[in-house]
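S.K.: Take a look at the following structure, please.
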């Protein structure tokens with residue numbers, strides 16, 4: 001499988017093409033790990049576009065999910081410290097593991113930047129990348145920083161804030177969900193490419209799936225369904241998707 005994103009092409013530190021998923025800003029409120037605040041005005045799963053039974057996080061809840069996903073990602077990837085391993089292709093992608101990690105940082109910062117600048121028809125001009133010469137712990141720290149910047153931007157956004165994305169003008173929740181998808185699916189890409197056997201946490205996949213893939217088939221694990229929705233797996237009765245896009249529009 002080769003995944004193509006509809007973004008501005010940029011060359012990564014190893015010469016591989018990476019794409020721009022637009023920028024950002026650091027969390028201040030503390031939400032206990034695993035606790036996702038929901039909007040009392042909308043019981044779990046009842047907002048338009050939400051899959052039945054999926055919790056609908058508040059801004060603080062989305063921020064907590066981003067932080068938790070980044071911790072999961074970096075904990076998993078810290079188990080592959082050998083530099084030579086990172087020159088391997090990420091699973092199902094044309095990029096090396098190194099370039100894929102750089103793309104992830106770029107995307108998280110880019111989403112924060114879009115939500116900050118709120119353009120109506122374009123990407124922002126800010127690009128962020130990881131130091132290719134830095135040791136792995138420092139690069140993984142960069143992922144946590146990027147996620148924290150997006151989380152803070154999501155928390156600070158006004159309910160009416162909207163920004164452009166090629167897959168639908170979106171709000172803070174939408175960009176948070178995009179960041180979650182980026183972290184989760186690329187963690188899976190990297191873990192598989194690096195030979196690490198790890199399953200994505202269902203509790204992190206479910207909110208992003210509900211927000212961005214409201215028409216995804218029900219009755220399957222959120223992790224498996226998210227991988228199917230992003231062209232990375234199959235579900236009973238549903239083959240691998242050769243083309244896919246999320247729906248970031250506000251519902």
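S.K.: In the set 163, 208, which member is surrounded by 22 or more Cβ atoms within 10 Å (Cβ to Cβ) and in contact with a strand residue (DSSP E or B) (Cβ under 8 Å, 6 or more places away or on another chain)?
M.R.: Testing whether each residue is surrounded by 22 or more Cβ atoms within 10 Å (Cβ to Cβ) and in contact with a strand residue (DSSP E or B) (Cβ under 8 Å, 6 or more places away or on another chain) leaves just 163.
S.K.: Could you please find all residues in the stretch 121-140 being closer than 24 Å to residue 75 by Cα and out of contact with any helix residue (DSSP H, G or I) (no Cβ under 8 Å at 6 or more places or on another chain)?
M.R.: 133, 135, 137, 138
S.K.: Quickly run through the stretch 75-92 and pick out the residues that are surrounded by fewer than 23 Cβ atoms within 10 Å (Cβ to Cβ), in a loop (DSSP other than H, G, I, E, B) and in contact with a helix residue (DSSP H, G or I) (Cβ under 8 Å, 6 or more places away or on another chain).
M.R.: Within the stretch 75-92, 78, 80, 81, 88, 91, 92 meet the criteria.
S.K.: Can you confirm whether residue 215 is closer than 19 Å to residue 124 by Cα, surrounded by fewer than 22 Cβ atoms within 10 Å (Cβ to Cβ) and either modelled with pLDDT under 95 or touching a helix residue (DSSP H, G or I) at 6+ places or on another chain (Cβ under 9 Å) (or both)?
M.R.: So residue 215 does not fit the description; no.
S.K.: Just give me the residues in the stretch 162-189 being in contact with a helix residue (DSSP H, G or I) (Cβ under 6 Å, 6 or more places away or on another chain) and farther than 20 Å from residue 209 by Cβ, in sequence order.
M.R.: Within the stretch 162-189, just 163 meets the criteria.
S.K.: Considering only residues of the stretch 94-118 that are in contact with a strand residue (DSSP E or B) (Cβ under 6 Å, 6 or more places away or on another chain) and within 21 Å of residue 62 (Cβ to Cβ), which is surrounded by the most Cβ atoms within 10 Å (Cβ to Cβ)?
M.R.: Among those that are in contact with a strand residue (DSSP E or B) (Cβ under 6 Å, 6 or more places away or on another chain) and within 21 Å of residue 62 (Cβ to Cβ), it is 115.
S.K.: Does residue 48 count as surrounded by fewer than 24 Cβ atoms within 10 Å (Cβ to Cβ), in contact with a strand residue (DSSP E or B) (Cβ under 9 Å, 6 or more places away or on another chain), over 30 Å from residue 195 (Cβ atoms) and at pLDDT below 95?
M.R.: Judged against the criteria, residue 48 is not a match.
The values are calculated or read from the model by the stated rules, or taken from the named source; none is laboratory data. Only a predicted model underlies this, so the values are computations on that prediction, with no experimental measurement involved. Methodologically, a virtual Cβ is constructed for each residue, glycine included, from the backbone with ideal geometry; neighbour enumeration extends over all protein chains shown.
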